[in-house]
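Contents: one structure, followed by commentary.
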Amino acid sequence: MHWSLRQSKGFKDILPEEAGRWQLLESETRKLFNSFGFKEIKTPLLERTELFSRSIGQETDIVSKEMYTLKDSKGRGMTLRPEATASMARAYIQHRLYQRSPIQKLFTMGPMFRHERPQKGRFRQFHQINAEFFGDPSPRCDADIIVMAMYLFDRLGFSDLVLNLNSLGCPQCRPGFRKDLMDYLGDKTDSLCTDCQRRAHVNPLRVFDCKVEGCNQSILDAPSVLESLCETCGDHFESVQDYLGRVGIPFDLNHRLVRGLDYYNRTAFEIQTDRLGAQNAVAGGGRYDGLVKLLGGPDHPAIGFAVGMERVVSLLDEDGEREVKRPDLFIVALGGKAEKSCFDWTMALRKKGMWVETDYGSKGLKAQMKKADRLGAKKTLIVGDDEFATGKGLLRDMKTGEQKEVDLQNIVTNLLNLKAIR
Ligand code: HAM
């Protein structure tokens, strides 16, 4: 293929051999999230740019350099969503979901877009599972969300993940911490990168997100946000930890975990693995009590998280596709009359949900049997014009090789009743 037609860096195809693992992740998510009372929603991939710049914050990497933005015919900025939380908060407000019940537990799955430098586990189009719990300020709700994330990984058989936990305080106690951090960074200006020299004045928390080595070194002795929490935030955070302890979920406190988005307050968390190299977070989230109000909605609290699906799928063992999918039946048709009736039977069986494969190439018996074998069909029905005339076909068990005659009258009903096939 000509190079100019190939997909560009950071965008990847999900090929059929991976599909089983994606489906497994999606179906386990739906089952688990339903048991926690979450309902699925879908929001558009394209939103007003302002939705993201206001929600995520101008100084964040996402807004300042990673968004795919275009202008619509009226000259308004539209952006391919870099994350789903802002869109879900918008939907909560725009459709007044809170009037049905202030508590809304919502989830969504789908592609996100960030113009980052591609590397292992980091793409420009990637997929997330997002869960957002609107309307409940209680620490039990924080635990609920974190436990749900951990149970998802548990279901997938991951036992080596580490839950990092922090609290980012609230509008009462954060300014004090911000000032302490600014003072601390003021002495380190020379060792900070130019971006962080600016951030140190406008949004010092973002210095914690910087990947430049000098900046990493500079924050090693930075003040801890956990030491400047007000009493209410401190109690809230203690309580979250107690609830996690009650269900036996271990965690590491990490006061440098600020998460790369501005909307967070209080609980912030990230679930990490050491099996993925530098891109070690498989999920991240936190409380964002001010966002719904900031976007023009009621003053309702919220908390949520997102799972990076590519990263999780890459950790799922290829053999982890629990059930190898195989066609229920292959129909071998030999001769014109048989072909026509076999076509009718194939469609009738598929309509009833049976996975039936066949060959439209009018090949011989040997070639068709080979194809049935390659597809891993459980049974094969062989019908030639001779069999068709006598009203008897041959049904072969592909595993044992056993073959028996079957009546072609009522063949569809008879096959549907065969337990061994389904
Ligand atoms: P985030 O930490 O930016 O949070 O992304 C969540 C997860 O998405 C990451 O932990 C990672 O697994 C995956 N991810 C992020 N960027 C990429 C990428 N370029 N390539 C592959 N995977 C990636 C959020 O997006 C928040 N909206 C999470 C949230 C929901 N907070 C509250 N509710």
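Assorted remarks:
- The set of residues in segment 175-194 that are buried (at least 17 other Cβ atoms within 10 Å of the Cβ) and either outside any helix (DSSP H, G or I) or under 31 Å from the mean Cα position of the chain (by Cα) (or both) comprises 188, 192.
- Whenever a residue of segment 233-250 is at pLDDT 95 or above, its partners that are of a type in the set (Phe, Trp, Tyr), lying with C-beta atoms within less than 8 angstrom and at least six residues away or across chains, give the pairs 241/251; 244/251.
- Matching option when the condition is within 14 Å of the ligand (Cβ to nearest atom) and free of Cβ contacts under 8 Å to residues at least 24 places away in the same chain, among 41, 14, 56: 14
- Considering only residues in segment 65-88 that are within 14 Å of the ligand (Cβ to nearest atom) and more than 15 Å from residue 44 (Cα to Cα), the one that is modelled with the lowest pLDDT turns out to be 65.
- Selection of segment 152-172 for residues being within 27 Å of residue 217 (Cβ to Cβ) and part of a loop (DSSP other than H, G, I, E, B) yields 168, 169.
Here's the yes/no breakdown for (1) under 16 Å from the mean Cα position of the chain (by Cα); (2) modelled with pLDDT of 95 or more:
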| site | (1), (2) |
| --- | --- |
| 125 | yes, yes |
| 143 | no, yes |
| 146 | yes, yes |
| 156 | yes, no |
| 159 | no, no |
| 162 | no, yes |
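- Checking segment 147-161 against the condition returns no match, with no residue being within 15 Å of the ligand (Cβ to nearest atom) and within 25 Å of residue 227 (Cβ to Cβ).
- Members of segment 98-147 that are among the acidic types (Asp, Glu) and touching a strand residue (DSSP E or B) at 6+ places or on another chain (Cβ under 6 Å): 116, 132, 142
- Filter result (part of a strand (DSSP E or B), touching a helix residue (DSSP H, G or I) at 6+ places or on another chain (Cβ under 7 Å) and within 8 Å of the ligand (Cβ to nearest atom)) within segment 108-126: 126
- Selection within segment 239-251 - farther than 13 Å from residue 138 by Cβ and either surrounded by 13 or more Cβ atoms within 10 Å (Cβ to Cβ) or of a type in the set (A, V, I, L, M) (or both): 241, 244, 247, 249, 251
- A single entry from 332, 307 fulfils the requirement of being modelled with pLDDT of 95 or more, of a type in the set (A, V, I, L, M, F, W, C) and either outside any strand (DSSP E or B) or within 16 Å of the ligand (Cβ to nearest atom) (or both): 307.
- Some residue of segment 273-287 being away from the ligand (no atom under 16 Å from the Cβ) and aliphatic (A, V, I, L, M): no
- Applying the criterion of at least 1 residues that are surrounded by fewer than 16 Cβ atoms within 10 Å (Cβ to Cβ) to the strands (runs of 3 or more DSSP E) found wholly in segment 368-422 leaves 392-397, 403-407.
- Top-ranked residue of segment 89-107 - restricted to ones that are among the polar types (S, T, N, Q) and either surrounded by fewer than 19 Cβ atoms within 10 Å (Cβ to Cβ) or not in a strand (DSSP E or B) (or both), ranked as modelled with the lowest pLDDT: 101
The values are calculated or read from the model by the stated rules, or taken from the named source; none is laboratory data. Model, not experiment: these values are computed from the prediction. Cβ: placed from backbone, ideal geometry, glycine included. Neighbour counts: every protein chain shown.
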